[in-house]
Amino acid sequence: MNEKREVTVTSDGAGRRPAKQQERSLLTRGTLLDATAREIDRHGHGSIAMHRIAREAGVTTGALTFHFPTKGQLLTELKELGLARIEERVNEAVELPAAPLRRARLLLLALLELLHRDVVVRAAVRLSEELPGGGDWSDSWLRPVQEMFRSAGEEGKLRAGVTPEAVTEMALRLAAGTEVRARGGDPEPDVAEAGGEHFTQFCDLLLYGISAVRPPEADRAPR
């Protein structure tokens, strides 16, 4: 006796894959994207090979090309995923009910921890830097943080002679340096925790070194 499989039928009579199969497909795509991110994080995009990504993910090359027929499609989806994670954190910080300098601090802290902990985000940043026409990975966060610095200046929270443009440039260099330093592997939990403490210190040196305002005692990055 044949076991019946439930299939959702569309109005044109086409069958859709069962929910569990769709879930497995999504999990496999996620595994492949993670494996690709680790390869790019270690070696850059120029030296990655489809068979090596498949081996890293524990699947066949055929399974890889089923989900991503070309390397270009794979890299494009990976970059979009990583940049979307950055944008999500930025949006969380922008919406916080806090003073501009405090929100800038939390935004940068969230960004630095994300670059430190998330290999997909680091790979997306590297792709945007190395691929022709890859765009600027800082587009999603640099303008909002500059607006926060500008608002802080208008409120008299910046020291005399400190411009929002100069502080924004310092923030960009801090983020770029964090991404480069973190390349090559995800940190162990204790290393990641220590990194979070260092990033808090970096942000305080950057943002409260330019202001007479004292840093808050226990701010954490938005989750």
Query raised in the report: Between GLU155 and THR31, what is the FRET efficiency for a Förster distance of 41 Å, r being their Cβ-Cβ separation, to the nearest 0.05?
Result: 0.30
Report summary line: Stokes-Einstein, Kirkwood over Cα pairs, the range 27-108, 37 °C, 0.692 mPa s; D in µm²/s equals 229 µm²/s
Query raised in the report: So, in nm, how far is label GLU130 from label GLN22 when the simple model puts each one 7 Å beyond its Cα toward the Cβ?
Result: 3.5 nm
Query raised in the report: So what is the relative contact order of the range 49-119, in percent, for Cα pairs below 8 Å that sit 6 or more residues apart?
Result: 19 percent
Query - Cα-derived Rg to Rh of the range 42-82, Kirkwood definition - result: 0.94
Query - Cβ-derived FRET efficiency at R0 30 Å, ARG52 paired with ASP204, nearest 0.05 - result: 0.15
Report summary line: Rounded to the nearest 0.05, FRET efficiency between THR61 and ALA84 (Cβ-Cβ, R0 22 Å) equals 0.20
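FYI, it's all coordinate maths here, none of it is from the lab. Source: prediction; values computed, not measured. Because the Cβ atoms are built from the backbone with ideal geometry, glycine has one as well, and the counts that use them run over all protein chains shown.
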